[in-house]
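Presented below is the structure to which this report refers.
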Amino acid sequence: MKHLQLFIITLICSVISAVASDTTHIYRIDIHKDISSTTWRYLKAGIDEAQQNNAQAIILHLNTYGGTVLHADSMRTLLLNTNIPTYAYIENNAASAGALIAIACDSIYMQQGSRIGAATVVNETGEAMPDKYQSYMRATMRATAEAQGRDTTVNASGDTTITWRRDPIIAEAMVDQCIVIPQLSDSGQVLTFTANEALENNYCEAVVSNLEEAITQHIGAKQYTITQYTPSLYDDIAGFLTNPALQALMVTLIIGGIFFELKTPGIGLPSAIALIATVLYFVPLFIGGTAESWEVLAFVVGIILLIIELFVIPGFGVAGVSGIIFILGALILAALNNIVFDFTFVAGDDVTRSILTVLAGLVVAIVLLIYLSHRIGSRGMLYKFALHTEQQNEQGYIGVDTTPASLVGGNATTLTRMAPSGKVIVNNEVYDAVSLHGTFIDTDTTVRIHDYRNNQLYVTPIDNTSKQ
């Protein structure tokens, strides 16, 4: 009896195991938004989950009118490099960047009435971009179609015939209106396929009525389970914050905040802005796995080196230059998935994007700093924000000591190094002061007092020498 029970249990386990082995585990990732940093994050996180859970197939459920070429290219690279079979199911639209993503999948299935194509690069107003942008997109579409493989046959006479699984010329015609394909597209028209036209020209494997039909009748999974990738709130927020345009803005605020904080005494609004921008830049990258602790530490070291250069070491030399290199290097490397300078798994496009993002933010910061340095402190700008009413003592207003104003025109001695703010001493009294032209002034230097405003004296060295 005991042996019989053991046999039955073994038989049941074998049946369950056999059934389980015939069940295909499919991961479904929906792309129903414009292609952007958010949808790129959806795809990356979805593929990572599918690999961790040993999925046997990934279905990309597409319904998009397109989006940014940058993120579409990154999504294309993810799909081409994954070791899990990928299938595109086009419910309604796979236009522009969506067409590129669909072609990157191993197979395409289109619902009746859906469309694919129209991949011309346009600007925000819908106008076609110059030819250099179209040339890049043509090459990308062509390379993606070529990546799906070809068949080479040699006939009896020795002639070689190449048959592409996805014709690269058709992919180019989806971008360039000048490419003419007889009976498909005329000059002046960008190619767009209906579902049936895509099937006739090998740009989809089948036209189906729903996703289940694609899975059971064409993918061949009679028994299957589908795991739906569900983006978290963090995915949406991180996708927004990792947009290159927003990252460039964060770099601008970081650089600008640091500069203005070093130009003014104390800790105030510029520090708060720089700190918030730093957090918004690094945190999504750190949680996403691209930024590492040592890159954040390198950024902090860069800030410390700048502070040392400005307030401790006279002049501007090794510490200052090293600080700038540490800061910019940390910002660039944090956006790259490198492992302590090992760039094996980092795409060249990612390196270019990271460098350009940081440089764009730096250039904008420099332009704004030059402009604001000439505007802030000018009478015209300050006058716009001044109160023009008189505050009488009879109304309860208390006067402020105007003694420092009487010092204008006299001399003082620097008590601390001015970089460019610091302290000076006059008649044994200590006052806050700022170098009038932003130059650095060493301690124990005799200076001329030119102005008094905002509770600060504005001075210049009498001998007209200062440390740069």
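Below, the figures for the structure above:
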quantity: Boolean, His32 is within 20 Å of Met110 (Cβ to Cβ), surrounded by fewer than 18 Cβ atoms within 10 Å (Cβ to Cβ) and touching a Lys or Arg at 6+ places or on another chain (Cβ under 8 Å); calculated: no
quantity: One residue from Ala386, Ala334 being modelled with pLDDT under 80 and of a type outside the set (Ser, Thr, Tyr); calculated: Ala386
quantity: Positions within region 48-87 being of a type in the set (A, V, I, L, M), crowded, with 22+ Cβ neighbours inside 10 Å and in a helix (DSSP H, G or I), in sequence order; calculated: Ala50, Ala72, Met75, Leu79
quantity: Single residue of region 35-47 satisfying the filter (farther than 23 Å from Thr225 by Cβ and among the small types (Gly, Ala, Ser)) that is surrounded by the fewest Cβ atoms within 10 Å (Cβ to Cβ); calculated: Ser36
quantity: Selection count where residues are of a type in the set (Gly, Ala, Ser) and modelled with pLDDT of 85 or more, scope region 155-191; calculated: 2
quantity: Selection from region 427-466 of residues that are β-branched (Val, Ile, Thr) and in contact (Cβ under 8 Å) with a residue 12 or more places away in the chain; calculated: Val430, Val434, Thr439, Ile441, Thr443, Thr445, Thr446, Val447, Ile449, Val459, Thr460, Ile462
quantity: Failed item in (1) modelled with pLDDT under 75; (2) touching a strand residue (DSSP E or B) at 6+ places or on another chain (Cβ under 9 Å); (3) in a helix (DSSP H, G or I); (4) farther than 23 Å from Ile332 by Cβ, with Leu262 passing the rest; calculated: (4)
quantity: Criterion: within 28 Å of Glu309 (Cβ to Cβ), at pLDDT below 85 and not aliphatic (A, V, I, L, M) - qualifying residue of Ser406, Ser421; calculated: Ser421
quantity: Residue within region 121-129 that is assigned by TED's automatic domain parsing to the domain that holds Ile90, in a strand (DSSP E or B), modelled with pLDDT under 90 and within 20 Å of Gln189 (Cβ to Cβ) present; calculated: yes
quantity: Given (1) without any contact (Cβ under 8 Å) to a residue 24 or more places away in the chain; (2) out of contact with any helix residue (DSSP H, G or I) (no Cβ under 8 Å at 6 or more places or on another chain); (3) within 28 Å of Thr68 (Cα to Cα), index of the condition Ile179 fails; calculated: (2)
quantity: Yes/no for Arg28 being in the same structural domain as Ala119 (by TED's automatic domain parsing) and in contact with an Asp or Glu (Cβ under 6 Å, 6 or more places away or on another chain); calculated: no
quantity: Residue within region 38-60 that is touching a Gly at 6+ places or on another chain (Cβ under 6 Å) and under 27 Å from Leu246 (Cα atoms) present; calculated: yes
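Table: residues versus (1) in a strand (DSSP E or B); (2) acidic (Asp, Glu); (3) surrounded by fewer than 18 Cβ atoms within 10 Å (Cβ to Cβ).
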| site | (1), (2), (3) |
| --- | --- |
| Ser135 | no, no, yes |
| Asp151 | yes, yes, yes |
| Ile162 | yes, no, yes |
| Gln183 | no, no, yes |
| Val190 | no, no, no |
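The values are calculated or read from the model by the stated rules, or taken from the named source; none is laboratory data. These numbers were taken from a predicted model, which means no experiment stands behind them. Glycine gets a Cβ as well: all are built from the backbone with ideal geometry, and neighbour counts include every protein chain shown.
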